[in-house]
1. Please label the shape of segment 56-118 as rounded, prolate or oblate, based on the square roots a ≥ b ≥ c of the eigenvalues of the alpha-carbon gyration tensor (a/c under 1.5 means rounded; beyond that, a/b larger than b/c means prolate, else oblate).
2. What residues have an amide H closer than 5 Å to that of residue 84, excluding those fewer than 5 places away on the same chain, when H is modeled at 1.01 Å from N in the peptide plane?
3. Here is the link list: 8/90; 11/87; 68/110; 8/110; 8/87. Which ones come out longer than 22 Å on Cα distance?
Amino acid sequence: MEQIFVEKMNKSLSAQKAEIISNLIAGNEDFKEIVEGMDPKDVADIASDDIDRKMIEALGSQDVKRLKLIDSALTRIQQGKYGFCIKCGKRIPHDRLEAIPYALMCIDCKTAEERRNR
């Protein structure tokens, strides 16, 4: 049963990775079109374009961060370490992994980390 769950999560993670990569490629093409389509404009229009570019970059950086977490999870699957908390070593519940397949920590450790970071 555990192996079936891990295989299911491997497929889910691989699909998410492919989706993120295609979104990043599309995002970069959109970004290139915005930059290439810019004409000399007044200061307000240039500031607006700058905000649009920064939003696209921010979305891209979030996707890049998630992509790294997915790659890490896929590596842990290959190493047989997937589904175990990196802090305490306990098994991460399947419900949590189905919600966040690239989760690194169990709920207790993640909650404790978030409290420390406040």
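Derivation of every value follows stated rules applied to the coordinates shown; laboratory data play no part. Computed from a predicted structure; not experimentally measured.
1. In terms of gyration-tensor shape, oblate.
2. Hits under the 5 Å cutoff: 92.
3. Over 22 Å Cα-Cα: 11/87; 8/110; 8/87.
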